[in-house]
Every structure is written in structure tokens, then in C-alpha cells.
1. Here are a few candidate values for Cα Rg over 2.2 N^0.38 Å: (i) 1.23; (ii) 1.14; (iii) 1.05. Which one was actually calculated from the structure I just gave you?
2. In terms of modelled amide H atoms, which long-range or inter-chain residues lie less than 5 Å from the amide H of ASP44?
3. Given a 10 angstrom Cα cut-off, can you work out which residue in LYS71, LYS108, LYS50 is the most mobile in a GNM of the chain?
4. Please give the net charge around LEU105, taking every other residue with its beta carbon less than 12 angstrom from that of LEU105, where Lys and Arg add +1 and Asp and Glu add -1.
5. State to the nearest 20 debye the size of the charge dipole of the chain about its Cα centre, where the only charges are +1 on K and R beta carbons and -1 on D and E beta carbons.
6. Please list, in order along the range 92-104, the HN-Hα scalar couplings obtained from phi with the Karplus expression 6.51 cos²θ - 1.76 cosθ + 1.60 (θ = phi - 60°), rounded to whole Hz, x for Gly and Pro.
7. Could you work out the relative contact order of the chain, using alpha carbon pairs under 8 angstrom and six or more residues apart, expressed as a whole percent?
8. R0 = 22 Å: FRET efficiency of ARG21 with ASP95, Cβ-based, nearest 0.05?
Amino acid sequence: MALVKSGWLWRQSSILRRWKRNWFVLYLDGSLVYYHDETQRDMDGRIHIKYSCRDVRTGRECRDVQPPEGKSRECLLTVVLRDGSKTTLCAESEDDAVAWKMAVLEAKSTPVRLHSPK
């Protein structure tokens, strides 16, 4: 499957709200998969952006979130899902957060093309 974007992001756990660093890969089919590290052997989770994502917020739009120590609020990224849950992420920089937001929105809106045999 074609890769849209990959890189390190901090992810906030849903229960204890602790920050953990994961290797994220966004695929053209709208799968945002996160792994233990960049070897991509141990998958920690997956979000189906095309079907589950309702909105993507960055920076100051992520109101109820405290960024990880040493990171600015401008690096925050929240993926709001249709079921009302949220996945909160933190990029290495403000530019990276904006780049991830654009990539996620692009994956959300890009139709999946199935190649028909000739």
C-alpha cells in the first residue's frame, strides 16, 4: 500500500493520559498505523481515517490537552473520531503538526482507487 507520510509522534494514552512515542505511518488507503518503533514489526494500533475521522485539530484548537514536557501547544494534533473519541498526538515541531494535519485530511478525502485488471 502506498505511503503518504511517516514519522515519530507522541501519542497520549486514553486511560492514564501518559505520553508515549510511536512511529506513525499514514497509508493512501486512509490507515493511520502506529508501531512500537520504525522497524514496523510491533503494531500498537490503527485508525481508519477514511471511515472514522470526523475532524483534525492542531495547536490552540486542542484545548483540553497538556502537551508533553518541553513541547509547545502548537505541536499538538487531535484526531476526532465519529464515535466521539479522540486520539491526541504531538509532533516534533509546529510545522510537522501542520504537515501531519494536511496529510491526514488528504488521506480522508482521497478516494481509494481499485485497479481493474486489463
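The values are calculated or read from the model by the stated rules, or taken from the named source; none is laboratory data. Everything numeric in this text was worked out from a predicted model, so none of it was measured. Don't worry about glycine lacking a Cβ; one is built from the backbone with ideal geometry, like all the others, and counts go over all protein chains shown. These area figures cover heavy atoms from the full protein model, side chains too; ligands, DNA and RNA do not enter into them. Shrake-Rupley method; radii C 1.70, N 1.55, O 1.52, S 1.80 Å.
1. (iii)
2. Here the answer is TYR34, TYR35, HIS36, since their amide H atoms fall under 5 Å of that of ASP44.
3. The residue that fluctuates most here is LYS71.
4. Computed value for this residue: +4.
5. Values: 21 positive and 16 negative charges, 84 e Å.
For the chain, the charge dipole is close to 400 debye.
6. Values per residue, Gly and Pro as x: 6, 8, 5, 4, 5, 4, 5, 5, 5, 4, 4, 5, 5 Hz.
7. Values: 227 pairs, mean separation 28.1, N = 118.
Rounded, it is 24 percent for the chain.
8. Numbers: r = 18 Å, r/R0 = 0.84.
FRET efficiency, ARG21 to ASP95: 0.75.
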